[in-house]
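Presented below is the structure to which this report refers.
Nothing in this text is a laboratory measurement; each read-out follows from the coordinates by a stated rule. Since the model is a prediction, treat every value here as computed from it, not as a measurement. Virtual Cβ from ideal backbone geometry, glycine too; neighbours counted across all protein chains shown.
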Amino acid sequence: MATPFFDWRRLYDEHAAEYDQIFQRVGRSGGFILQRDVDELEERLARLIGVEHVVALSDATNAMILGLRALGLQAGDEVIISSHTFQATAQSVHWAGGVPVPAETGEDGMMAVDAIEALITPRTRVIMPTQVNGRIADMDAIAAIAERHGLLVAEDSAQALGATYRGRGAGSFGAFGCFSFYPSKLLGCFGDGGALSTNDAELAAKVRSMRNHGANAAKMITEDCDIWGTNSRLDNLHAAVLNHKLEHYFDADIRRRREIAAAYHAGLADVPGVRRPPPPDAPDDRFDAFQNYEILSDRRDGLKAHLAAQGIGSIVQWSGVPIHRMRGLGFSQSLPRTDAYFEQCLLLPMNHMLTDAEVGETIAAVRAFHGAETPAAVMAAAE
Ligand SMILES: *Cc1c(COP(=O)(O)O)cnc(C)c1O
């Protein structure tokens with residue numbers, strides 16, 4: 001039995017006939033750019049996230065670039081970001097004219113709140129944590145720091161659609177949030193896609209105009225424009241697929257991810273040398289969406305090789321390189337807590353398509369490598 005980390009083909013095959021119908025409907029309608037499906041998606045997402053405005057965009061990276069631009073980031077302004085994040089977070093700050101400043105990673109992989117204030121300088125404008133793995137950082141503490149220092153908050157919530165913290169959705173905490181519909185994300189389309197979320201009507205209007213060369217509902221593309229824009233539109237075809245998933249599958253898919261997280265949590269209890277992420281039912285007023293299931297192993301590289309030998313795919317996120325180690329991007333920070341985290345972190349297979357047998361087999365393989373006996377019930381599930 002082989003368990004790929006992510007089965008790209010199954011993503012289409014699981015509902016192929018329905019997707020084929022959507023492709024035909026959109027194709028035959030002739031509506032390809034900024035049509036009804038895009039409007040409908042924006043309304044659906046705004047309800048799900050709990051914000052006033054969502055602007056559908058080409059991807060999450062551009063959502064952050066345009067969001068930061070719309071905030072009026074000036075050349076040299078500093079943005080404090082997570083060190084456990086995709087390089088897109090830092091790249092967005094750079095392309096918006098700012099300077100990304102990575103903060104330490106806490107025990108749960110989120111931006112370490114106690115490390116933020118030491119990074120604040122007169123040039124700091126924004127604190128932009130990454131809601132990594134489908135979990136939300138301690139946003140109350142981050143908001144308090146931001147308020148104390150007169151800073152804005154924004155979120156790289158690309159991995160956290162549907163996650164909540166104290167009843168509030170990822171992407172609803174600061175000036176804006178962003179989301180990615182890359183195929184392997186919590187809500188994926190068959191290509192690139194993204195969105196920006198905000199409660200700021202003016203920011204939403206700016207980004208809406210920026211995504212379409214400065215045009216808006218009252219102004220055509222070829223007319224004189226009053227804002228620097230670009231092309232960062234979401235294709236109508238992708239929006240149609242995303243609407244279908246939101247209507248029929250998204251809630252169940254997240255439920256399934258949380259079920260798998262609960263199985264990993266129980267199955268990996270008492271394994272020497274392994275630390276688990278907080279379980280889905282932790283009493284911390286969070287609803288984690290489990291984009292990823294990231295464990296820490298004191299023999300991570302050996303464990304990864306052992307899993308591979310059993311046909312089980314696993315991934316060290318960002319290929320094991322936290323953002324401050326990407327020397328080509330000009331970072332010089334020393335972040336020992338993040339370095340320690342990255343010596344141990346490993347993503348086990350996590351997506352709604354996994355079977356119980358695949359999850360059980362993965363649990364048994366981790367336990368075997370770390371010298372823990374596997375209970376009979378887990379063995380039976382993996383048969
Ligand atoms: C996927 C991802 C992005 C980038 O999303 P795109 O839609 O590919 O631009 C940014 N940040 C994080 C944390 C991500 O996981």
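Could you work out the relative contact order of the chain, using alpha carbon pairs under 8 angstrom and six or more residues apart, expressed as a whole percent?
20 percent
Put +1 on the Cβ of each Lys and Arg and -1 on the Cβ of each Asp and Glu in segment 1-100; which of GLY67, PHE32, VAL93 then has its Cα farthest toward the positive end of the dipole?
Comparing the listed Cα positions along the dipole, PHE32 ranks first.
Pairs of Cα atoms under 8 Å, at least six residues apart: use those to get the relative contact order of segment 273-343, whole percent.
Relative CO of segment 273-343 lands at 24 percent.
Compare the peptides 319-330, 108-119, 286-297 by average per-residue count of other Cβ atoms within 10 angstrom and give them in order, highest first.
Taking the mean over residues of other Cβ atoms within 10 Å, the ranking is 286-297, 108-119, 319-330.
Based on DSSP, what percent of beta bridges with both residues in the chain are antiparallel, to the nearest 5?
65 percent
Based on the Cβ-Cβ distance of PHE32 and ASP270, what FRET efficiency does E = 1/(1 + (r/R0)^6) give at R0 = 56 Å, to the nearest 0.05?
0.55
At 0.890 mPa s and 25 °C, plugging the Kirkwood radius over alpha-carbon pairs of segment 109-149 into Stokes-Einstein gives what diffusion coefficient in µm²/s?
The estimated diffusion coefficient comes to 226 µm²/s.
At 7 Å along Cα-to-Cβ for each site, give me the label-to-label distance between ALA141 and THR230 in nm.
3.3 nm
Which FRET efficiency, nearest 0.05, do ARG47 and PHE23 yield, Cβ-Cβ r, R0 22 Å?
0.30
How do SER334, SER29, SER157, SER180 rank when sorted from fewest to most other Cβ atoms within 10 Å of their own Cβ?
Starting with the residue having the fewest Cβ neighbours, the order is SER334, SER29, SER180, SER157.
In nm, to one decimal, how far is the modelled label at HIS149 from the one at ARG166, with both set 7 Å along Cα→Cβ?
1.9 nm
So the label point goes 7 Å from the Cα of LEU119 along Cα→C-beta, right? Which residues of segment 129-148 then have their backbone N under 11 Å from it?
Inside the label zone: 129-130.
Considering all alpha-carbon pairs of the chain, what whole percent are spaced by more than 36 angstrom?
The calculated P(r) of the chain puts 24 percent of pairs beyond 36 Å.
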